Amino acid sequence: MIETVTRKRIEILADTQLQKRVTDAIEKAGITGWTIVPVTSGKGREGAWREERVMGTDKVFVLTIAAEDKASALAETLAPMLTRYGFIFSMWDVQVIRGERF
């Protein structure tokens, strides 16, 4: 049977122009990898939206998986930006194979 370990999966929805701040924070927390996925539309409390490159409000999901201590450090670093820039930060437990990589 394959052995798994628990890690934290983190998804951060941010404006594209701020993705470098997010990835810098990820690396500062000691997390070695991340993935950026473009987001074309969505709906939230204030209604539906879609990407708008002209206005600079297009969004990305920044995805990463990390050990709990590194995930907590990242959450603490990004917390002040969540309200200021309207980031959405979600984190939950996942089972991974090769846990030493995260």
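The values are calculated or read from the model by the stated rules, or taken from the named source; none is laboratory data. Just so you know, these numbers come straight off a predicted model, no measurement behind them. Glycine also receives a Cβ, built like all others from the backbone with ideal geometry; neighbour counts cover every protein chain displayed. Keep in mind that these areas ignore ligands, DNA and RNA; they rest on the heavy atoms of the full protein, side chains included. Shrake-Rupley method; radii C 1.70, N 1.55, O 1.52, S 1.80 Å.
Couple of notes before you dig in:
- If you check LEU78, LEU82, LEU74 for being open to solvent by 40 Å² or more (accessible area, probe 1.4 Å) and either without any contact (Cβ under 8 Å) to a residue 24 or more places away in the chain or aliphatic (A, V, I, L, M) (or both), only one passes: LEU82.
- Evaluation of VAL5 against (1) open to solvent by 60 Å² or more (accessible area, probe 1.4 Å); (2) among the aliphatic types (A, V, I, L, M); (3) out of contact with any Lys or Arg (no Cβ under 8 Å at 6 or more places or on another chain) (one fails), failing number: (1)
- Of all residues in segment 37-67, those being out of contact with any helix residue (DSSP H, G or I) (no Cβ under 6 Å at 6 or more places or on another chain) and at pLDDT 85 or above number 9.
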